[in-house]
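**Q** Quick one: the structure is below, and I'll ask about it shortly.
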Amino acid sequence: MKAPVIKGNIIDRIVSYVNPIAGARRLRARLGLADFSASGYNYFGSGKQSMLGAFASPNSAQVDTGTNISPMRASSRDMYMNAPIATGALKRCRTNIVGYGLSVQARIDRGILGMSDDEAEKWEQKTEREFNFWANSKNCDASRTQNFFDLQRLVIMSKMLSGDCFALPVYKARPGWPYELCFKILEADMVSNPLYSVDSDAIAGGVKLSGDGEPEGYWISKTHPGGLTPSFTWDYVPAYNSAGRRNVYHIFERDRPGQVRGVPLLAPVIESLKMITRLSESELMAAVVTSFFTAFIKSSSGADIMADGLPASAKVTDPTDTSKLTYEMAPGSIIGLAEGEDVTMADPKRPNGAFEPFFQAIVKAIGSAIEIPAELLLLNFTASYSASRAALLEAWKFFNTERAWMATESCAPCYEEWLSEAVMKGFIDAPGFFSSERLRAAWSGSAWSGPGQGQLDPVRETTAMVMKITNNLSTHSKEVASIDGDSWDSMILQRSRENKVVESHGLKPIVAGAAVPSEEDDDTETDDEKTVPADNKPVPPEEENE
């Protein structure tokens with residue numbers, strides 16, 4: 001890189017003439033500034049021509065997110081309600097991350113608890129049945145409108161739309177119901193600073209913080225601030241009760257140290273979503289206008305020749321008052337104009353051939369930002385099998401990550417809270433559960449499974465699964481879960497019962513592996529494997545038939 005040339009201005013020359021040492025210091029300072037702006041990384045405000053007009057401030061996470069969080073949430077929800085791409089993106093996430101709900105699989109620590117495999121499996125099966133009894137009832141919801149699996153969908157959608165949400169364990173005694181535990185889900189807006197005061201280091205986004213940034217409590221509004229009857233009253237709820245159990249579950253993902261509240265999934269692409277939605281609406285309206293064929297008749301008297309034959313949308317409001325004449329285009333309509341009036345039609349030249357490539361490019365950029373491939377966003381799998389599978393595999397990296405987060409931050413704590421009540425009431429036997437945190441963790445271990453990825457080519461992929469299991473590269477449980485999220489244990493039990501029924505009717509049970517075709521039997525062509533003759537010449541029809 002060529003060294004910068006430093007030329008002093010008239011003040012530098014005067015200073016150098018009066019005090020050469022001070023003048024040299026001034027020139028060295030200018031040289032340092034020149035070197036700093038001409039080397040290293042490029043950045044906003046560096047003075048380079050390409051960076052003119054671009055500025056950024058080194059703000060904390062709370063300043064960047066907390067001061068703008070309310071309009072961000074409102075914009076995100078508006079996009080979900082009115083932008084098809086945003087609606088599809090969030091629903092696609094909810095369907096693939098949670099789907100019909102994540103199911104619990106009890107996984108106690110057998111070594112710490114000193115239990116044999118048979119004892120542990122019996123305990124786990126009993127606990128799973130008891131938990132599902134509670135989870136399948138709407139009594140687990142404080143509003144008594146959803147079961148536990150519905151609440152999972154509500155939580156993940158609220159978290160994506162608003163950035164975070166809150167779950168409060170509430171205990172209600174209900175006639176005829178053995179459990180008191182239920183959960184109350186709060187939207188993000190319900191937690192805010194009292195009287196909407198400005199954030200500080202002690203309280204931000206309605207969260208009271210300790211000196212280390214640990215949440216000590218939450219200020220919860222009596223009613224939703226955007227509801228029918230906004231309230232200016234807040235209740236303070238400590239983060240933990242006297243026994244060290246959580247009073248509030250704050251469900252959000254932290255991207256930066258010091259971040260107190262979550263950011264909506266659509267936050268980075270709100271501008272792109274709004275522009276692509278406006279473009280789509282404009283193109284649609286232009287196509288609709290182009291499809292209309294409207295004739296205008298001019299007469300010297302200005303009479304409305306076809307007034308009685310016009311559709312309601314094209315008629316004037318008051319034919320006697322020309323100042324209130326209204327004209328609207330309608331399919332196949334004929335409209336008479338007043339004296340001296342003329343119509344100039346704009347030619348929208350639709351359909352626009354450049355719209356779809358541009359739309360696809362923007363959707364790809366949006367999908368890249370939220371980790372969902374464009375093929376999945378649009379449900380448009382027109383590429384080859386390999387390309388479609390690669391897109392799905394990449395998407396499932398994101399879905400599985402979010403599912404693991406959901407299980408850790410939401411499902412597992414709720415399960416532990418339920419297990420505490422079940423043990424306390426004697427429904428589940430867990431010695432030492434309340435005597436030690438280590439023992440409680442050993443009893444509370446769990447795994448969560450949900451809908452599987454599915455298969456694009458069942459024959460190919462099932463054959464690959466069998467090969468992986470045969471060569472000890474995978475397990476039955478993992479492969480069965482990847483298909484439809486089912487449990488291998490329950491599937492085997494069901495197969496066993498089915499085979500017994502088959503045998504009881506004098507039929508032979510299905511032989512294991514009989515349904516898996518051999519490579520010779522699989523002559524299905526895919527986009528990646530097209531049958532081409534060795535000489536690359538087309539096969540004559542008569543030979544092909546033979």
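The values are calculated or read from the model by the stated rules, or taken from the named source; none is laboratory data. Please read these numbers as outputs of a predicted model, since none were measured by experiment. Neighbour counts are summed over all protein chains in view; Cβ atoms, including those assigned to glycine, are modelled from backbone coordinates with ideal geometry.
**Q** Any residue in the stretch 382-402 that is touching a strand residue (DSSP E or B) at 6+ places or on another chain (Cβ under 8 Å), over 30 Å from residue 165 (Cα atoms), part of a helix (DSSP H, G or I) and of a type in the set (Phe, Trp, Tyr)?
**A** yes
**Q** Just the residues that are modelled with pLDDT under 90, out of contact with any Asp or Glu (no Cβ under 8 Å at 6 or more places or on another chain) and surrounded by 18 or more Cβ atoms within 10 Å (Cβ to Cβ), please, taken from the stretch 55-109.
**A** Result: 65, single match.
**Q** Going by the structure shown, is residue 383 in contact with a Lys or Arg (Cβ under 6 Å, 6 or more places away or on another chain), at pLDDT 70 or above and surrounded by 13 or more Cβ atoms within 10 Å (Cβ to Cβ)?
**A** Answer is no for this residue.
**Q** Ok, one more. Of all residues in the stretch 168-199, which are touching a strand residue (DSSP E or B) at 6+ places or on another chain (Cβ under 9 Å), within 25 Å of residue 64 (Cα to Cα) and not in a strand (DSSP E or B)?
**A** 188, 189, 190, 192, 193, 194, 195, 197
**Q** Go over the candidates 389, 403 one by one and state the one that is more than 23 Å from residue 270 (Cα to Cα), under 22 Å from the mean Cα position of the chain (by Cα), of a type in the set (Lys, Arg) and modelled with pLDDT under 90.
**A** On inspection, the qualifying residue turns out to be 389.
**Q** In the stretch 66-103, what residues are in contact with a helix residue (DSSP H, G or I) (Cβ under 7 Å, 6 or more places away or on another chain) and at positive phi?
**A** Residue satisfying the conditions is 101 alone.
**Q** Moving on. Output the number of residues of the stretch 406-464 satisfying the condition of being of a type in the set (Ser, Thr, Tyr), closer than 30 Å to residue 160 by Cα and assigned to a loop (DSSP other than H, G, I, E, B).
**A** Qualifying residue count, the stretch 406-464: 1.
**Q** Hey, another quick one. Determine if the stretch 95-108 includes at least one residue that is basic (Lys, Arg) and farther than 23 Å from residue 225 by Cβ.
**A** Yes, the conditions are met somewhere in the stretch 95-108.
**Q** What is the one condition in (1) among the hydrophobic types (A, V, I, L, M, F, W, C); (2) in contact with a Gly (Cβ under 7 Å, 6 or more places away or on another chain); (3) not in a helix (DSSP H, G or I) that residue 165 does not satisfy?
**A** Among (1) among the hydrophobic types (A, V, I, L, M, F, W, C); (2) in contact with a Gly (Cβ under 7 Å, 6 or more places away or on another chain); (3) not in a helix (DSSP H, G or I), the lone unmet condition for residue 165 is (2).
**Q** What tally of residues in the stretch 225-249 results from selecting those that are assigned to a loop (DSSP other than H, G, I, E, B) and closer than 25 Å to residue 417 by Cβ?
**A** Residues that pass the stated criteria total 8.
**Q** Looking only at the stretch 175-195, decide whether some residue is free of Cβ contacts under 8 Å to residues at least 24 places away in the same chain and either loosely packed, with under 13 Cβ neighbours inside 10 Å or not acidic (Asp, Glu) (or both).
**A** Checked the stretch 175-195: at least one residue is free of Cβ contacts under 8 Å to residues at least 24 places away in the same chain and either loosely packed, with under 13 Cβ neighbours inside 10 Å or not acidic (Asp, Glu) (or both).
**Q** Still on this model: Among the hydroxyl-bearing types (Ser, Thr, Tyr), at pLDDT 95 or above, outside any helix (DSSP H, G or I) and surrounded by fewer than 18 Cβ atoms within 10 Å (Cβ to Cβ), is that true of residue 218?
**A** No: the conditions fail for residue 218.
**Q** Return the residues of the stretch 252-268 that are touching a Lys or Arg at 6+ places or on another chain (Cβ under 7 Å) and outside any loop (DSSP other than H, G, I, E, B); say none if nothing qualifies.
**A** Hit for the stretch 252-268 is 252, nothing else.
**Q** Name the one entry in 428, 366 that is closer than 20 Å to residue 123 by Cα and among the β-branched types (Val, Ile, Thr).
**A** The conditions single out 428.
**Q** Does the stretch 449-467 contain at least one residue that is at pLDDT 80 or above, under 30 Å from residue 424 (Cα atoms) and not hydroxyl-bearing (Ser, Thr, Tyr)?
**A** yes
**Q** A follow-up question, please. Which residues, counting only those in the stretch 78-129, are of a type in the set (Val, Ile, Thr) and under 22 Å from residue 408 (Cα atoms)?
**A** Across the stretch 78-129, the qualifying residues are 95, 97, 98, 104, 108, 112, 127.
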